[in-house]
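These notes concern the structure reproduced below.
The values are calculated or read from the model by the stated rules, or taken from the named source; none is laboratory data. As the structure is a prediction and not an experimental result, all values here were calculated from the model. Here the Cβ positions follow ideal geometry from the backbone for every residue, glycine too, while neighbour counts run over all protein chains shown. Heavy atoms of the whole protein, side chains included, go into the accessibility calculation; ligands, DNA and RNA do not. Shrake-Rupley method; radii C 1.70, N 1.55, O 1.52, S 1.80 Å.
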Amino acid sequence: MSFPFLVKIAITMRLFKRNGVWYVEIERNIRRSLRTKSRDEAYRLFKRLQREYLKGNIERFVKKKEEKIKISRFIKEYLDWCEYARSKWTYKKAKFVLGRFSKVVGDLYLSQLKRKHLDTYVSFMLKNGYSKVTINIHIRTIKSAFSKAVEWEYLSESPFKGYKQLKQQERPPSFLLPEDIKRVEEVISSPEWLIIFRIFVYTGMRLSEVSNLDWKDIDFEMDIITVRKSKNYKSRNIPLHPILKKELLKWRKESGKVVRFNYHTITHKIKEFLVKAGFPHLRLHDLRHTFASLLVMNGVDLRTVQILLGHQDYKTTEVYAHLSQRHLKEAIKKLPVFG
């Protein structure tokens, strides 16, 4: 064996450790767990894989491993993981989207999946009248799932890597102004539903976060609400507004859920109030936009809004940037006329 060939092996294969377990990387981003924490055993297996590489067997080995996994089996394993590693809302979304995806493309082996299969699914959704917003949510969900298949070494690379979402018309977020909020509150006759409405307006929390909010997550001494089960599975703190604090103290309990209603009931009732108050075009999620928009319009910087909303990507928060500019323009108009 010549020295240059040894150099080639060193460049195209490497041994590394992650979370206490040894892995080997072959070529570009083809990773395989050696399923051992022993350094000596890992080196023995690595040498054997080097020999397989020289014989040209490594590609056959990787391909054979991928073909053993079918979509149905992977989805079951992914959902089992997702149920405990992600929020309840994310789990339900993944279950629905992946179930529908598998019905459309069939129970193929993971290694048989191509970009065309996602094209087929998107076409199916468009033909059935789904909006581009919904379809893009499905695309993101599918891409996320099959990225996990790569992480689990069922695939060397996701077939949907780089797949672009559908282009859609960018629209500014819809929201309520202070006087609009008062109109909605006037049509809410139930004190309990008034509190629920105010939780959304004064915290900017997502539906899933409000639904999971427990009394123990509210610190009335520190005036902090801790969101433990968020969309991205990261906790965050939201300062408790004085008005909301006053309302919550009336209903305070030692333990249990703050809101005793399920997702569908909350969505239906809030929509009912919005329609009754004269805002039929608004959705429950627009109360989250209301929270963010009013903050920006009152001079709060976008970085702070990002933290309060729990956005991972700053670009998501930038949708409110135009409101900041509008606020600044209105402020300039208040300057007195000179000369």
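Observations, loosely collected:
- Residues of region 66-81 classified as among the hydrophobic types (A, V, I, L, M, F, W, C) and in contact with a Lys or Arg (Cβ under 8 Å, 6 or more places away or on another chain), total: 2
- Unique residue being at pLDDT below 95 and open to solvent by less than 20 Å² (accessible area, probe 1.4 Å) when the list is Val296, Val300: Val296
- Just one of (1) in contact with a Ser or Thr (Cβ under 6 Å, 6 or more places away or on another chain); (2) polar (S, T, N, Q); (3) open to solvent by less than 30 Å² (accessible area, probe 1.4 Å) fails for Asn237. It is (3).
- Residue in region 144-161 that is more than 21 Å from the chain's Cα centre (by Cα), of a type in the set (S, T, N, Q), in a loop (DSSP other than H, G, I, E, B) and farther than 29 Å from Phe101 by Cβ present: no
- The single condition among (1) surrounded by 13 or more Cβ atoms within 10 Å (Cβ to Cβ); (2) farther than 26 Å from Asn298 by Cβ that Glu221 does not meet is (1).
- Any chance Leu274 is of a type in the set (A, V, I, L, M, F, W, C), in a helix (DSSP H, G or I) and in contact (Cβ under 8 Å) with a residue 40 or more places away in the chain: yes
- Take the conditions (1) at pLDDT below 95; (2) under 29 Å from Leu194 (Cβ atoms); (3) more than 20 Å from the chain's Cα centre (by Cα); His311 misses just one of them, which is (3).
- Any hit, region 124-143, residues being under 28 Å from Val21 (Cα atoms) and out of contact with any helix residue (DSSP H, G or I) (no Cβ under 8 Å at 6 or more places or on another chain): yes
To keep it simple, each residue is scored yes or no on (1) modelled with pLDDT of 95 or more; (2) in contact with a helix residue (DSSP H, G or I) (Cβ under 7 Å, 6 or more places away or on another chain); (3) farther than 18 Å from Leu308 by Cβ; (4) not in a loop (DSSP other than H, G, I, E, B).
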residue: Gln165; (1), (2), (3), (4): no, yes, yes, no
residue: Glu170; (1), (2), (3), (4): no, no, yes, no
residue: Pro173; (1), (2), (3), (4): no, yes, no, no
residue: Asp180; (1), (2), (3), (4): yes, no, yes, yes
residue: Arg183; (1), (2), (3), (4): yes, no, yes, yes
residue: Ser189; (1), (2), (3), (4): no, no, yes, no
residue: Phe197; (1), (2), (3), (4): yes, yes, yes, yes
residue: Val201; (1), (2), (3), (4): yes, yes, no, yes
residue: Glu209; (1), (2), (3), (4): no, no, no, yes
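- Exclusive hit being more than 17 Å from Glu209 (Cβ to Cβ) and hydrophobic (A, V, I, L, M, F, W, C), set Leu287, Leu294: Leu294
- Every condition in (1) open to solvent by 50 Å² or more (accessible area, probe 1.4 Å); (2) assigned to a helix (DSSP H, G or I); (3) of a type outside the set (Asp, Glu) holds for Val97 except the one numbered (1).
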